[in-house]
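Please read the structure below before turning to the comments.
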Amino acid sequence: MARTTGSHAEITGPKIRQAALRLFAQRGYAAVSMRSIAAEVGVQAGALYNYTPDKQSLLFDLMRGHLEGLLAAAIPAQGDPLAQLQEFVAFHIRFHADRPDEVFIAYMELRNLEPANFAEIEALRRRYEDRLEQILHDGAAAGVFEVADSKIVTLAIIAMLTGVNTWFRQGGRLSLDEVVAQYWDMVRKAVGA
């Protein structure tokens, strides 16, 4: 397949990332070849290496981009622990609602990362988890929450909130606002508030 006339790096690079994202989410990282990504974009397989050194780097860059975006968009904690927790719940669900492929890859393809890449992604995830854990710790210290182990509760809440992406669809039975309200109620009860 010949290079598309008039193609440009600023157009082709993002197309490669979007095709890889879509294919990794649909088929799984292990089942996607560089050749299939190239075919999706409409370039020769060798052309991909002008944009990424290898498939592992592509997966890593997609995960890192998602997590860095998540951290950058997260609203700094303000108010009392209960208000901070409510804001965290709403933010997490809303941020992820429009990013099902990114969420799937960021949470389900960790096993395919090489050790150094895994360590960097895990550090980014930990930074995000630490925000919630600090809210829970502060709430427990203030007597607002009943939390025996803030780390376990942090992981449970994030897993529950992230799970919304497996079933929620815009235009479905519940609006996103209704989902956020119901999940907030469940989280609030889970921490004894």
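The values are calculated or read from the model by the stated rules, or taken from the named source; none is laboratory data. Bear in mind that the values here come from a model prediction, so they are computed numbers and not experimental data. We place every Cβ from the backbone using ideal geometry, glycine too, and count neighbours over all the protein chains shown. Ligands, DNA and RNA are excluded from the accessible area calculation, which covers all protein heavy atoms including side chains. Shrake-Rupley method; radii C 1.70, N 1.55, O 1.52, S 1.80 Å.
Data table
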{"read-out": "Among the candidates Arg94, Arg35, residue that is farther than 23 Å from Met186 by Cα and open to solvent by 50 Å² or more (accessible area, probe 1.4 Å)", "value": "Arg35"}
{"read-out": "One residue from Leu67, Leu62, Leu71 being open to solvent by 20 Å² or more (accessible area, probe 1.4 Å) and among the aliphatic types (A, V, I, L, M)", "value": "Leu62"}
{"read-out": "Single match in Gln134, Gln86 (criterion: over 18 Å from the mean Cα position of the chain (by Cα) and closer than 18 Å to Lys189 by Cβ)", "value": "Gln86"}
{"read-out": "Flag for Glu40 being in contact with a Leu (Cβ under 8 Å, 6 or more places away or on another chain), open to solvent by 60 Å² or more (accessible area, probe 1.4 Å), touching a residue at least 24 places away in the same chain (Cβ under 8 Å) and not basic (Lys, Arg)", "value": "no"}
{"read-out": "Asp138 being assigned to a helix (DSSP H, G or I), of a type outside the set (Phe, Trp, Tyr) and farther than 25 Å from Gly69 by Cβ", "value": "yes"}
{"read-out": "Odd one out for Tyr128 among (1) open to solvent by less than 20 Å² (accessible area, probe 1.4 Å); (2) without any contact (Cβ under 8 Å) to a residue 24 or more places away in the chain; (3) not charged (D, E, K, R)", "value": "(2)"}
{"read-out": "Those residues of the range 147-181 which are part of a helix (DSSP H, G or I) and exposed (fewer than 13 other Cβ atoms within 10 Å of the Cβ), in sequence order", "value": "Ile152, Ala159, Thr166, Asp177, Glu178"}
{"read-out": "Long-range neighbours under 6 Å by Cβ, at least six apart or interchain, first residue at negative phi and aliphatic (A, V, I, L, M) within the range 51-79, second assigned to a loop (DSSP other than H, G, I, E, B) and open to solvent by less than 30 Å² (accessible area, probe 1.4 Å)", "value": "Leu58/Thr52"}
{"read-out": "Every residue from the range 13-46 that is in a helix (DSSP H, G or I), more than 19 Å from the chain's Cα centre (by Cα) and of a type in the set (Ser, Thr, Tyr)", "value": "Ser36"}
{"read-out": "Residues within the range 97-112 that are open to solvent by less than 20 Å² (accessible area, probe 1.4 Å) and either more than 20 Å from Val179 (Cα to Cα) or outside any helix (DSSP H, G or I) (or both), tallied", "value": "3"}
{"read-out": "Residues satisfying the stated conditions in the range 182-193, i.e. buried (at least 18 other Cβ atoms within 10 Å of the Cβ) and either β-branched (Val, Ile, Thr) or not in a helix (DSSP H, G or I) (or both)", "value": "Val187, Val191"}
{"read-out": "Selection status of Glu120, surrounded by fewer than 16 Cβ atoms within 10 Å (Cβ to Cβ) and of a type in the set (Asp, Glu)", "value": "yes"}
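For (1) outside any helix (DSSP H, G or I); (2) more than 15 Å from Glu129 (Cα to Cα); (3) of a type in the set (Gly, Ala, Ser), each residue gets a yes or a no:
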site	(1), (2), (3)
Thr52	yes, yes, no
His66	no, no, no
Pro76	yes, no, no
Val89	no, no, no
